[in-house]
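Let me begin by presenting the structure, written as structure tokens, before commenting on it.
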Amino acid sequence: MFNGIAGGGAEDLPQLQSTMRAIELACSYIQINTNPAAAEATILSLHQSPQPYKACRFILENSQVASARFQAAAAIKEAAIREWSFLSTEDKGGLISFCLGYVIQHANSSDAYVFSKVSSVAAFHRYSFSRILGNDLFRIFFFWRYMYTICMLIVSVSQVSEFSPSTSSAMSLPREFHENCRKSLEQNYLKTFYSWAQDAALSVTNKIVESNSDVPEVKVCNAALRLMHQILNWEFRYSKGGTKGSINVFSDGMRSDTASSRKTECVIVQPGASWCDVLLSSSHVGWLINLYSLRQKFAFEGYWLDCPVAVSARKLIVQLCSLAGETMHRSRAASAPPSVRVLPWIDPPDVISKEIEEGRSGSEMIDGCRALLSIATVTIPVVFDRLLRSIRPFGTLTLLSLLMGEVVKVLLANSNDKETWSYEARDILLDTWTTLLASMDGSGVLFSFSNLFTNCNFTPIVASASATTDEDDADCLASVSAMDERLGSYALIARAAVDATVPFLTKLFSDRVARLHQGRGTVDPTDTLEEVYSLLLIIGHVLADEGEGETALVPDALQTHFVDVVEAGNHPVVLLSSSIVKFAEQCLDANMRSSIFSPRLMEAVIWFLARWSFTYLMLVEDCNLGSNQLQSLPSRACLFTFFNEHNQGKFVLDIIVRISLTSLMSYPGEKDLQELTCHQLLHALVRRRNICFHLLSLDSWRNLANAFANDKSLFLLNGVSQRSLAQTLVLSAYGMQSSDASNQYVKDLMAHMTSSLVDLANNSDLKNLAQQPDIIMLLCIRELRGAASATEPRTQRAIYEMGLSVMNPVLRLLEVYKHESAVIYLLLKFVVDWVDGQISYLEAHETAGVVNFCMSLLQIYSSHNIGKISLSLSSTLLNEAKTEKYKDLRALLQLLSHLCSKDMVDFSSDSIETQSTNISQVVFFGLHIITPLITLELLKYPKLCFDYFSLISHMLEVYPETLAQLNSDAFNHVLTTVDFGLHQQDVDIVTMCLRALKALASYHYKETKAGNTGLGSHAAGQTDPNGVFHEGILSRFLRTLLQFLLFEDYSTDLVSTAADALFPLILCEPNLYQGLGNELIEKQGNPNFKTRLANALQVLTTSNQLSSSLDRLNYQRFRKNLNNFLIEVRGFLKTK
Amino acid sequence: MSDEEHHFESSDAGASKTYPQQAGNIRKGGYIVIKGRPCKVVEVSTSKTGKHGHAKCHFVAIDIFTSKKLEDIVPSSHNCDVPHVNRVDYQLIDISEDGFYVSLLTDNGSTKDDLKLPTDEALLTQLKSGFEEGKDIVVSVMSAMGEEQMCALKEVSPK
């Protein structure tokens, strides 16, 4: 109906008009909501008809109905994306110039949405666009009337985000092409555009200055500024290296040098050397600043600060402050002008903040802070500080700390309403400090800067910081990590001036503690408690780093300062730490506990102790040493030795263990506290061997172990904490002298629990006994699991025996608790962890035992659950049940994967030849047991799906021969799920399925070539009793895969994996492939497409010297062929 | 006043039918008595009261018999009642003529005839059709605090 291929003349006119009317009618129907379905169908048919350009063009030019024009524009866009690859060059050119012409003609029309749609068509064709623009624009550019339009157009083109893979694949153009377009735009046009925009803005500046009110020139100026801003935002890539030989097509375009953890965005502008003249000419910067300073002129109108032009101008100024890279190296000094001009926005801080409080807009202040951040990012601290020296008596750093103090003060004053300017400014300034201080750390010339920093007065900042944490608490409970980050920034500042801050914090802390003691029982301590709480957090950040996953070092700043201290007892850090430990010790007293140590304060205490002890307690000289040249300092030595094993270390360790036992026993139900104690504090203790060694000799540790094994109150801990406690205790066995002793220790630790479990399982009345909640509570499976997950080579024996002794009880319990899903899950997870820890150490006969155990576990589980229907009426409970089932199955799949690993990693002493269990058969058998439980419904859980398919693809890749031996039911089930997986949305899962297919097909091909049966009857297909022929499995997948590749939507990343699967499939089933190809060709109506498709199919299997052997080279060639094939034909095959 | 009432009610339910357990230790998926009803916990969250107060647990639970949603807030160190929930499997031997009751075979060979059929239409037809086809059906019956109800069924394929 809408077929409007070029070539028709005037005789088409009636048809075009009828089309237009149809569309107009449909659009108006949609608007008044009569018969929307039919109207939508009409519009859709326009969108989907091949080559609707002419009709659309007609509508755009003639229709009076705006929404019809909109639909026409949308249709052009869709069709162009679809058919771009096989339009003739003239058509392309015509289309683009039409779009451009239309946009420019109708620039002043009111229907902006039509305009945006058409301009985005033009944007899509940006490759040719930039070329055309280069020629045409010169002619039209100086009509400033169009300037606004043009600028907006370029803005939309230069939006980097539009270079997304999705548009590239939709137009079936390779990424290289896009990259080349990008490159040419960047190298040839951007700078020109920039100068144009600058000229344009310059030319209208005078008019703006002269006029009094809102003239249209302001709009032009604003557009030009935005364009300049956008251009500077461009990711400059090609001008940096210069000699880079080839384009890295698949680089993701991330800048490696920007810190990603920042809260505030700060883009570094690196346009390369060639931009020097444009950007750095003083007239340019000067003009911009002058333009901005127009605010004096408009000040009386009151709107200047937030009016669009001012905002764009400010943005551009901030950007100019962050000029980096080669441009900067040419003339670093040139950065001074903009940064100095920014000054009036932020200096003097107190006056400005007052003005803002009185109602002025804070945006200028915030942009000023941003500019500071930009400058800090690209300069080293010394230069940063010097920037202001020429015009002010103090350096930039002083200004920064003044500013910070002011902002924090304002923040404290209006802490009630969030989202004020001071909030944002505070975050930006903190980032600035972090940037400055971080760059200083790395530079290694720390000493020369320390003077610089000590001159600034940090104390107010730190004081206010510790006060701010109070205010932050309320909202930061929700986002602990954000608070952590902020505290980290404060701590960095505090460390820059440790000389002042550490004694200050000590004083503050002892002051608050004294106040707590004074007011005990009489005054409400909440406020003081809160202050102590905040203080503990900030001191923790100042004294120690997080040390996540690595050995925590004593911060350099603390090591290098306090040089004149020779006696350990006087070292400020030691003083501070001791006073806190002493304070914490008081929680051991029951009275103090009830009056002072609230659960939350305890949390802070435990957190601090964890962090502190990991960094300071019992340091081993050579592993906690920072930089070597500092070793000889006496002050450092006393910091290190004070808490070591010969000095106070053991004493403090004892206190810490007792505190942790108290927090576990005396704060029932405080989950967070217990988790902190188990996960952070105790874990931090057992991480170092020398501490383990001392721990084992402590009475308090023995008490803890005893309580763990026998005390009921520790059984009542939260599950996760229980597990982690068990893990910690088992890990501490590491500190034993010999492996025998370690094993004995673990055995003693766990003996009570295993025996109680065995007793329970052997109880004759188990069935009735088991369902009592107190018995369920006391099942110590979690502890066992914790111990199992702490398996280390030294303690492996003991844990193996532990597992062995509970094997039968576990099966028994699995039977009894079949309805108690929570217990079942615990049991399964215990087995999973235990097998994971043990399997690689086991000898052949032990492996056989474990494997048998696992298989009977699977069988029992499956016999209980297959065909079971829950009758609950509540949908929540039904969903719960489904989730529980999913978790169980996932655990079972993990169990099988762990068994698989036996074939890969094996530490047993058996030689390879010994007759051992055939793991692959076992795993397939296990899969056979549990796959009936995995319904397609359950595979919708992404994690289960992932686990399942990774296991399947692993099995098929490593043991295809075992699969061939499966009976046809099991075989079919496995492959049905693979088929299901192929149609998943998740790229990973499809990839795994494709890999499985590749493995399967290449196995079959190689085997049959060697004269074996390969997959045998599975592949050959069979005739069932009714005489219906079922085609073989490989043929089925060949069909599916071709269908998938040609007609469905998928990520381009999948193409190469799909090629790897398709190639062996084609080799296995050459005849079917021929047939399918012919069928495809037949289906094409258009003779032009027919020949193209035939050629493409021909080329796919013959070009690049593709041969019929499955080696790496051939796979590579086929990948390339398939890529070209898809580019060639997918566009028109997908068009219906 | 209401406190007394509650106490009265819970003693009515019988001491042996519940078991005291600390609120902080009741986990998601566990059982709890709320307003005298045995419930399964579907959501637990702990909240801190005031800046330095003790934690409180907020339970959202579903009555295991009526499927009604109930909520409760308890200080985490206090005790809650936890119901004893028992599940027993029986073999289905008959569905009574009037269509309200089933007869079940107990472990020791006697029959149990006092259990009602599920009210849900879909489940009912499933049960009936399975029974009429002559399949062996095992029914799980859940009982707590003096009530009982069918909670799951399973077809046992004769091997």
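The values are calculated or read from the model by the stated rules, or taken from the named source; none is laboratory data. As the structure is a prediction and not an experimental result, all values here were calculated from the model. Note that we place each Cβ from the backbone using ideal geometry, even for glycine, and neighbour counts take in every protein chain shown.
Here is how the numbers come out for the structure above:
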| item | result |
| --- | --- |
| Given (1) among the charged types (D, E, K, R); (2) modelled with pLDDT of 85 or more; (3) more than 17 Å from A:TYR948 (Cβ to Cβ), index of the condition A:LYS887 fails | (3) |
| Near pairs, Cβ below 7 angstrom, 6+ apart or cross-chain, from the range A:635-648 (at positive phi and free of Cβ contacts under 8 Å to residues at least 60 places away in the same chain) to any residue that is in a loop (DSSP other than H, G, I, E, B) and surrounded by 21 or more Cβ atoms within 10 Å (Cβ to Cβ) | none |
| Lone unmet requirement of (1) touching a Leu at 6+ places or on another chain (Cβ under 9 Å); (2) surrounded by fewer than 11 Cβ atoms within 10 Å (Cβ to Cβ) for B:ALA122 | (1) |
| Every pair of residues 6+ apart whose Cβ atoms lie under 9 Å, when the first sits in the range A:1005-1016 and is part of a loop (DSSP other than H, G, I, E, B) while the second is of a type in the set (Ser, Thr, Tyr) | A:GLY1014/A:TYR1003; A:GLY1014/A:TYR1005; A:GLY1014/A:THR1008; A:LEU1015/A:TYR1003; A:LEU1015/A:THR1008 |
| Any hit, the range A:675-693, residues being within 14 Å of chain B (Cβ to nearest Cβ), surrounded by fewer than 20 Cβ atoms within 10 Å (Cβ to Cβ) and touching a helix residue (DSSP H, G or I) at 6+ places or on another chain (Cβ under 6 Å) | yes |
| Extreme residue, farthest from the other protein chains (Cβ to nearest Cβ), among residues of the range B:43-90 that are touching a residue at least 40 places away in the same chain (Cβ under 8 Å), part of a strand (DSSP E or B) and under 22 Å from A:LYS671 (Cβ atoms) | B:ASP72 |
| Test result for B:TYR101, in contact with a Leu (Cβ under 7 Å, 6 or more places away or on another chain) and either buried (at least 18 other Cβ atoms within 10 Å of the Cβ) or within 13 Å of chain A (Cβ to nearest Cβ) (or both) | no |
| Those residues of the range A:797-819 which are surrounded by 20 or more Cβ atoms within 10 Å (Cβ to Cβ) and within 25 Å of A:ASP740 (Cβ to Cβ), in sequence order | A:ALA798, A:ILE799, A:TYR800, A:MET802, A:GLY803, A:VAL806 |
| Per-region count, the range A:667-708, residues outside any helix (DSSP H, G or I) and at pLDDT below 85 | 6 |
| A:VAL686 vs. criteria touching a residue at least 40 places away in the same chain (Cβ under 8 Å) and over 18 Å from B:ALA55 (Cβ atoms) | yes |
| Selection status of A:THR976, crowded, with 16+ Cβ neighbours inside 10 Å, assigned to a helix (DSSP H, G or I), polar (S, T, N, Q) and at pLDDT 80 or above | no |
| Unique match (being more than 28 Å from A:ASP988 (Cα to Cα), at pLDDT 85 or above and in a helix (DSSP H, G or I)) among A:ASN1095, A:ASN1088 | A:ASN1095 |
| Filtered residues of the range A:594-613 (kept if over 10 Å from A:LEU537 (Cα atoms) and among the small types (Gly, Ala, Ser)) | A:SER594, A:SER595, A:SER598, A:ALA610, A:SER613 |
| Within the range A:515-537, considering residues that are in a helix (DSSP H, G or I) and away from chain B (no Cβ under 13 Å), the one nearest to the chain's Cα centre (by Cα) | A:LEU537 |
| The range A:641-681 - residue that is under 37 Å from the mean Cα position of the chain (by Cα) and among the small types (Gly, Ala, Ser) and, of those, farthest from A:SER732 (Cα to Cα) | A:GLY669 |
| Qualifying residue in the range B:147-156 (condition: in a loop (DSSP other than H, G, I, E, B), modelled with pLDDT of 85 or more and more than 10 Å from chain A (Cβ to nearest Cβ)) | no |
| First in the range B:115-127 and facing chain A (nearest Cβ under 8 Å), second anywhere and part of a helix (DSSP H, G or I) and not β-branched (Val, Ile, Thr), Cβ under 6 Å, 6 or more apart | B:PRO118/B:LEU124 |
| Residue within the range A:933-956 that is over 15 Å from A:ALA996 (Cα atoms), over 36 Å from the mean Cα position of the chain (by Cα) and either of a type outside the set (A, V, I, L, M, F, W, C) or within 14 Å of chain B (Cβ to nearest Cβ) (or both) present | no |
| Qualifying residue in the range A:781-791 (condition: within 14 Å of chain B (Cβ to nearest Cβ) and at pLDDT below 80) | yes |
